[in-house]
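The values are calculated or read from the model by the stated rules, or taken from the named source; none is laboratory data. Nothing here was measured: the structure is a model prediction, and the numbers come from that model. Using ideal geometry, Cβ is built from the backbone for each residue, glycine included, and neighbour counts are taken over all protein chains shown.
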Amino acid sequence: MLISVIGAGYLGATHAACLAADGHQVVGIDIDTHRVERLSSGQAPFHEPGLDELIAGSVESGTLVFDTDVRRAAEAEVHFLCVGTPQRAGSHAADLSALDDAVGSLAALLRRPCLVVGKSTVPVGTARTLGARLRERAPAGREVEVAWNPEFLREGHAVQDSLHPDRLVFGVGSDEADQVLRDVYARAINEGTPVVRTDLETAELAKVSANIMLASRISLVNLLAEVCEAAQADVGDLTRILGLDDRIGARFLRPGVGFGGGCLAKDTRAFVARAEELGLGGPASVLREVDAINMRQRSRTVDRAVALLGGRAAGRRVAVLGAAFKAGSDDVRDSPALDVAATLHARGAEVHVYDAEAAMNVRRVHPQLHVEASVDDACRGAEVVLVLTEWEEFRGIDPVALAGVVASPRVVDGRLVLDPDKWRASGWDFQALGRGTA
Ligand code: UDX
């Protein structure tokens, strides 16, 4: 099929590459010239395992092209909307301006029957409004149909999640639209991926609902962590016990400095904003607590570090290990690790950060921080070390050797990746969120 993908960020670039790998002819559109140039040369604009190879292969064979000019998309049978819907400045609601712009410029080009499929995360009710606008403005009028097909990919697993999703959600208003999506995803469906056919509104809600469930789990486990600390219990053992309960399951039970990235927080906030519009602000307030607990993890981590420094951060040397919002990604958007690092810097500390993947992004976003090339470089002369992203590399740190590098052996494990007994036995003043201090 001839398919266009509007928006070539995490979602769009990955989706376009995976559609091309499935044998479709794909044109990816983005307004960012630099990004389009990079993609056209066969490179992903961000770190994502397997994506460079996928893009390069299809760009080379000509089945995947990128352009800044949306007119290139005019002939496609299916158009996927993959633009970002970030948090609106000064509000918790989603900013739909990129989506509005994309739909506005696409509408005038639609002269033949086609299906416009939203993948962006939007407040419930958006799809129906967009559909009406498109049909009103497109020369093809009622021959343009809108469907919603949310995407659940995780950064760091984007290619795998897109090629082999847990489920496909088709929010459609007709059998024809359902069939088009079945044709687009024929390979994954033949592989056994379950398809849930539903209405537009349920499909829109599916994505944000999955994210608020995940966010709530993490905040609940972080609440348990704080109680564990106060009661001298151990949240590591506690989550292991909970995870062995089949009904609860072990995933998304990792306590620590909390969730960040491009989705969980902004989707939680946007959901609350939309619930308020629907007159459900009261019941949705549970999610305000989810957000507040999450942000509190960051301030608690800063407080821990400052307490270990005797109550004063100014002029003290601090090592921060990890800057990405999670392991397996170079993304620092709303990263708890970087937020903690920047706050300590703002309090006068001299902050040295190490992250093997995210270094470039740290320099771009927080040029005031010292970015180092290794764990040892970041920790040299440090009076406290903070481990804030769950990179595998940090699990393997030898506490005895590192004690010889720092000025004072004090560590805060913000991701529960270090073995407290081993570190304490090596002479470290060891603290972890959710673990008693004994
Ligand atoms: C998330 C959703 O998982 C994905 O389905 C959606 O499409 C986009 O948002 P992503 O942002 O890539 O994906 O990251 P995810 O793996 O969900 O982690 C989010 C944050 O939660 C990270 O900061 C991570 O470190 C944190 N996290 C995750 C925890 O603190 N504890 C956990 O147990 C799991």
Seminar exercise, completed: Given (1) in a loop (DSSP other than H, G, I, E, B); (2) under 33 Å from the mean Cα position of the chain (by Cα), ALA407 misses just (2)
Exercise. Can you tell me which residues in segment 59-90 are over 26 Å from ALA147 (Cα atoms) and over 20 Å from the mean Cα position of the chain (by Cα)?
Worked result: VAL59, GLU60, SER61, GLY62, GLY90
For this session: Go through segment 228-280 and count every residue that is loosely packed, with under 15 Cβ neighbours inside 10 Å, outside any helix (DSSP H, G or I) and modelled with pLDDT of 95 or more.
Result: 11
For this session: Can you tell me which residue among GLY84, GLY104 is within 16 Å of the ligand (Cβ to nearest atom), over 14 Å from ARG274 (Cα atoms) and surrounded by fewer than 21 Cβ atoms within 10 Å (Cβ to Cβ)?
Result: GLY84
Seminar exercise, completed: The number of residues in segment 109-155 that are within 29 Å of ALA265 (Cβ to Cβ) and part of a strand (DSSP E or B) is 6
Seminar exercise, completed: Of (1) of a type outside the set (A, V, I, L, M); (2) without any contact (Cβ under 8 Å) to a residue 12 or more places away in the chain; (3) surrounded by 19 or more Cβ atoms within 10 Å (Cβ to Cβ), ASP419 satisfies every one except (3)
Exercise. Out of GLY249, GLY243, GLY236, GLY282, which single residue is over 19 Å from the mean Cα position of the chain (by Cα) and away from the ligand (no atom under 16 Å from the Cβ)?
Worked result: GLY282
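Matching residues to (1) over 20 Å from GLY260 (Cβ atoms); (2) away from the ligand (no atom under 16 Å from the Cβ); (3) surrounded by fewer than 22 Cβ atoms within 10 Å (Cβ to Cβ); (4) of a type in the set (A, V, I, L, M):
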{"position": "ARG363", "(1), (2), (3), (4)": "no, yes, yes, no"}
{"position": "GLN368", "(1), (2), (3), (4)": "no, yes, yes, no"}
{"position": "VAL384", "(1), (2), (3), (4)": "yes, yes, no, yes"}
{"position": "ALA425", "(1), (2), (3), (4)": "yes, yes, yes, yes"}
{"position": "ASP429", "(1), (2), (3), (4)": "yes, yes, yes, no"}
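To keep it simple, each residue is scored yes or no on (1) exposed (fewer than 15 other Cβ atoms within 10 Å of the Cβ); (2) touching a Gly at 6+ places or on another chain (Cβ under 7 Å); (3) under 30 Å from ILE212 (Cβ atoms).
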{"position": "ALA94", "(1), (2), (3)": "no, no, yes"}
{"position": "THR121", "(1), (2), (3)": "no, no, yes"}
{"position": "ARG135", "(1), (2), (3)": "no, yes, no"}
{"position": "ARG142", "(1), (2), (3)": "yes, no, no"}
Problem set entry | Candidates VAL169, VAL159, filtered to the one that is touching a helix residue (DSSP H, G or I) at 6+ places or on another chain (Cβ under 7 Å), closer than 30 Å to LEU416 by Cα and within 16 Å of the ligand (Cβ to nearest atom) | VAL159
Problem set entry | Residue list for segment 354-368, restricted to those being assigned to a loop (DSSP other than H, G, I, E, B) and free of Cβ contacts under 8 Å to residues at least 40 places away in the same chain | ASP355, ALA356, ALA358, HIS366, PRO367, GLN368
For this session: Test each condition in (1) touching a helix residue (DSSP H, G or I) at 6+ places or on another chain (Cβ under 6 Å); (2) farther than 21 Å from ARG415 by Cβ; (3) within 12 Å of the ligand (Cβ to nearest atom); (4) part of a helix (DSSP H, G or I) for GLU204 and report the one that comes out false.
Result: (3)
Problem set entry | Inter-residue pairs, beta-carbon under 7 Å, first free of Cβ contacts under 8 Å to residues at least 60 places away in the same chain and in segment 252-264, second more than 6 Å from the ligand (Cβ to nearest atom), 6+ apart | PHE252/ARG217; LEU253/ARG217; LEU253/VAL221; LEU253/THR239; LEU253/LEU242; LEU253/GLY243; LEU264/ALA215
Exercise. How do the helices (runs of 4 or more DSSP H) wholly within segment 1-108 filter down when requiring 1 or more residues that are assigned by TED's automatic domain parsing to the domain that holds VAL144 and without any contact (Cβ under 8 Å) to a residue 24 or more places away in the chain: which remain?
Worked result: 33-40, 51-61, 97-107
Exercise. If a residue has to be touching a residue at least 60 places away in the same chain (Cβ under 8 Å) and either crowded, with 16+ Cβ neighbours inside 10 Å or closer than 12 Å to LEU321 by Cβ (or both) to count, how many in segment 398-408 make the cut?
Worked result: 1
